[in-house]
Every structure is written in C-alpha cells, then in structure tokens.
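The values are calculated or read from the model by the stated rules, or taken from the named source; none is laboratory data. Worth saying up front: this structure is predicted, and the values here are computed from it rather than measured. Cβ sites come from the backbone with ideal geometry, for glycine too, and all protein chains shown count toward neighbours.
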Amino acid sequence: MESEEYLKLAAQSALCMHVVPCLRAVTASLNDHHITWRCIFDESATEDDIDLLSQAATELIADYNTARFTFEEKYEVIAFPEEMNLERHIVYYRHEHNYFE
C-alpha cells in the first residue's frame, strides 16, 4: 500500500465510471505518507463534474489507512490549449491533439 505502483493502480481504479469529457488530466503523487490527488478540467467543467471526481478521490482514500496517510485534493480549471503542470504520476490524460489534420 505504500508503493507508487499501488497508488497508480488504486487511482486508475477509482476513476472507473468517473471520467467526464471536460477532464483533461488526473495526477497523483505520494510523498512519505502524504497523497496528492489533482484533477485538471477545461473551462466547460461544472460543479457536478468536479463532484464526480471528488467521489473518485473518496474511493482512492478508502484504499488507504487514514491514520497513516494524509490526503490533499486539488481541482483546477485550465482552458485548453493552455499547458498543464502535472504531478509525478499521470493517472489519466485526455487526447487533445488531432494528428490527422
């Protein structure tokens, strides 16, 4: 449970049924016993969209012993095509370029 590999798998599992079209990226990081969950949306995100990803964070938190781990949730809106600064582990990254044009 304390490995970065476990964090990535648990985060991807938590995203099942929670990804919305306006979601650009989800990242996670583990530093000592502190986990950061960061979701980046484009400008069309609604409160319901953000709430859905907050539910995914709750599922991730449920995989950890909260007596030993602390959690930080970050939700940002960064309009496409602005560049995103991402955490160490990318859990989800939306395809944003059309290579056929």
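Considering only the range 75-93, how many residues are touching a residue at least 24 places away in the same chain (Cβ under 8 Å), in a loop (DSSP other than H, G, I, E, B) and within 22 Å of E4 (Cβ to Cβ)? Full working, then the answer.
Of all residues in the range 75-93, those touching a residue at least 24 places away in the same chain (Cβ under 8 Å) come to 75-80, 84, 86-93.
This time we only want the ones that are in a loop (DSSP other than H, G, I, E, B), so: 78-80, 84, 86-88.
So of that shortlist, the ones also within 22 Å of E4 (Cβ to Cβ) come out as 84, 86-88.
Of the residues in that region, 4 qualify.
Could we say that T36 is within 23 Å of E82 (Cβ to Cβ), of a type in the set (S, T, N, Q) and either modelled with pLDDT under 95 or touching a strand residue (DSSP E or B) at 6+ places or on another chain (Cβ under 7 Å) (or both) here?
Values: within 23 Å of E82 (Cβ to Cβ): yes; of a type in the set (S, T, N, Q): yes; either modelled with pLDDT under 95 or touching a strand residue (DSSP E or B) at 6+ places or on another chain (Cβ under 7 Å) (or both): yes.
It is true that T36 is within 23 Å of E82 (Cβ to Cβ), of a type in the set (S, T, N, Q) and either modelled with pLDDT under 95 or touching a strand residue (DSSP E or B) at 6+ places or on another chain (Cβ under 7 Å) (or both).
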Checklist entry - Can you name the residue in the range 59-72 that is surrounded by 16 or more Cβ atoms within 10 Å (Cβ to Cβ) and free of Cβ contacts under 8 Å to residues at least 40 places away in the same chain and, of all such residues, is farthest from L7 (Cα to Cα)? => result F69
Checklist entry - Of (1) touching a strand residue (DSSP E or B) at 6+ places or on another chain (Cβ under 6 Å); (2) within 18 Å of N85 (Cβ to Cβ), K8 satisfies all except one. Which? => result (2)
Checklist entry - Which of the residues that make up the range 59-74 are among the aliphatic types (A, V, I, L, M) and either under 20 Å from A45 (Cβ atoms) or outside any loop (DSSP other than H, G, I, E, B) (or both)? => result L60, I61
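If you take the residues of the range 1-58 that are of a type outside the set (A, V, I, L, M), touching a residue at least 60 places away in the same chain (Cβ under 8 Å) and assigned to a helix (DSSP H, G or I), which of them is farthest from I90 (Cα to Cα)? Give the steps one after another, and end with the answer.
Filtering the range 1-58 down to residues of a type outside the set (A, V, I, L, M) leaves 2-6, 8, 12-13, 16, 18, 21-22, 24, 27, 29, 31-34, 36-39, 41-44, 46-49, 51, 54-55, 58.
From what's left, touching a residue at least 60 places away in the same chain (Cβ under 8 Å): 4, 8, 12, 24, 27, 29.
Those left that are additionally assigned to a helix (DSSP H, G or I): 4, 8, 12.
Values: E4: 11, K8: 8, Q12: 10 Å.
Here the residue is E4.
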Checklist outcome for this item: Residues in the range 13-26 that are loosely packed, with under 15 Cβ neighbours inside 10 Å and out of contact with any helix residue (DSSP H, G or I) (no Cβ under 9 Å at 6 or more places or on another chain) total 0
